[in-house]
Amino acid sequence: MATKIRVTVWNEFQHEKTNKAVRKIYPEGMHTVIAAALNAAPGIAARTATLDESEHGLTEAVLAATDVLTWWGHMAHNQVDDKIVARVHQRVLDGMGLIVLHSGHFSKIFKMLMGTGCDLKWREDGRKERLWVVDPGHPIADGLPEYFELPQTEMYGEHFDIPQPDQLVFVSWFAGGEVFRSGCCWHRSKGKVFYFRPGHETYPIFYDKTVQKVLANGVRWAAPTGVAQIIRGNHKPLEKLA
Ligand code: ZN
């Protein structure tokens with residue numbers, strides 16, 4: 001029997017402690033809701049980690065036992081230790097999957113992996129978002145309808161300052177007329193990165209069943225694959241050279 005994909009759900013876990021409205025939606029933090037949804041999906045075993053834990057809950061041992069890391073941050077990006085960011089970055093290059101959620105677009109780890117500014121337009125107006133699947137054969141779109149809607153969201157609009165995605169899975173339309181590349185995939189060395197836009201803290205986005213399905217599909221797509229070992233550097237020829 002195949003072993004389960006080991007996921008660590010990371011959340012800065014600050015808004016839930018300081019904002020009553022957010023705490024009402026996520027009394028134990030949004031990481032617990034995301035982890036519960038992933039644990040209910042076949043083949044996935046999720047645990048959580050948060051900013052205030054020692055080493056932000058991302059010790060060498062935890063990362064070594066993590067196949068896919070999910071990342072939600074917003075108000076405390078600058079409090080994330082550069083040493084931990086470098087550690088996560090190396091794990092991604094070595095093959096760990098990374099799923100960056102919503103305002104994680106401005107996290108140190110996402111900006112480091114992208115190499116661009118990662119800025120965008122935004123407006124917190126609580127209007128509808130419609131997400132269109134633009135790559136219907138992609139594993140992250142598996143079993144989804146051709147579009148789905150979230151009744152209340154924060155708007156993110158183009159231009160999103162990212163490198164051209166290797167694969168684009170979702171494009172969002174917003175009631176105010178803006179559009180946004182809301183499901184983007186990149187490969188970085190052996191690792192895979194998936195950015196998924198929804199997830200503003202004042203709306204119950206992570207309880208949405210379609211969002212939960214996207215996250216489970218994203219975990220399966222981002223899980224490590226490929227050759228066991230890569231050898232770089234000076235190399236002896238495999239054939240006898242004349
Ligand atoms: Zn937000």
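The values are calculated or read from the model by the stated rules, or taken from the named source; none is laboratory data. Quick caveat: nothing in here was measured; it's all calculated off a predicted structure. Because the Cβ atoms are built from the backbone with ideal geometry, glycine has one as well, and the counts that use them run over all protein chains shown. Heads up: the accessible areas ignore ligands, DNA and RNA and are worked out on the full protein's heavy atoms, side chains in. Shrake-Rupley method; radii C 1.70, N 1.55, O 1.52, S 1.80 Å.
Some notes on this structure:
- Residue 72 vs. criteria under 19 Å from residue 211 (Cβ atoms), out of contact with any Ser or Thr (no Cβ under 8 Å at 6 or more places or on another chain) and within 16 Å of the ligand (Cβ to nearest atom): no
- Pick from region 185-202, criterion of a type outside the set (Gly, Ala, Ser) and within 16 Å of the ligand (Cβ to nearest atom), ranking: farthest from residue 88 (Cα to Cα): 202
- Subset of region 78-112 [surrounded by fewer than 18 Cβ atoms within 10 Å (Cβ to Cβ) and within 16 Å of the ligand (Cβ to nearest atom)]: 106
- Conditions (1) polar (S, T, N, Q); (2) within 16 Å of the ligand (Cβ to nearest atom); (3) more than 14 Å from the chain's Cα centre (by Cα): number failed by residue 182: (3)
- Residues that are in contact (Cβ under 8 Å) with a residue 24 or more places away in the chain, within 16 Å of the ligand (Cβ to nearest atom), open to solvent by less than 60 Å² (accessible area, probe 1.4 Å) and under 17 Å from residue 105 (Cα atoms) do occur in region 134-154, at least one of them.
- Qualifying residues in region 204-218 (those that are open to solvent by less than 40 Å² (accessible area, probe 1.4 Å) and in contact with a Gly (Cβ under 7 Å, 6 or more places away or on another chain)) - the one farthest from the ligand (Cβ to nearest atom): 206
Residues are listed down the side, and each one gets a yes or a no for (1) under 18 Å from residue 13 (Cα atoms); (2) outside any helix (DSSP H, G or I); (3) not hydrophobic (A, V, I, L, M, F, W, C):
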site: 35; (1), (2), (3): yes, no, no
site: 42; (1), (2), (3): no, yes, yes
site: 63; (1), (2), (3): no, no, no
site: 66; (1), (2), (3): no, yes, yes
site: 69; (1), (2), (3): yes, yes, no
site: 75; (1), (2), (3): yes, yes, no
site: 84; (1), (2), (3): yes, no, no
site: 87; (1), (2), (3): no, no, yes
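- Taken over region 155-168, the residue count meeting the criterion of being away from the ligand (no atom under 16 Å from the Cβ) and buried (at least 16 other Cβ atoms within 10 Å of the Cβ) is 3.
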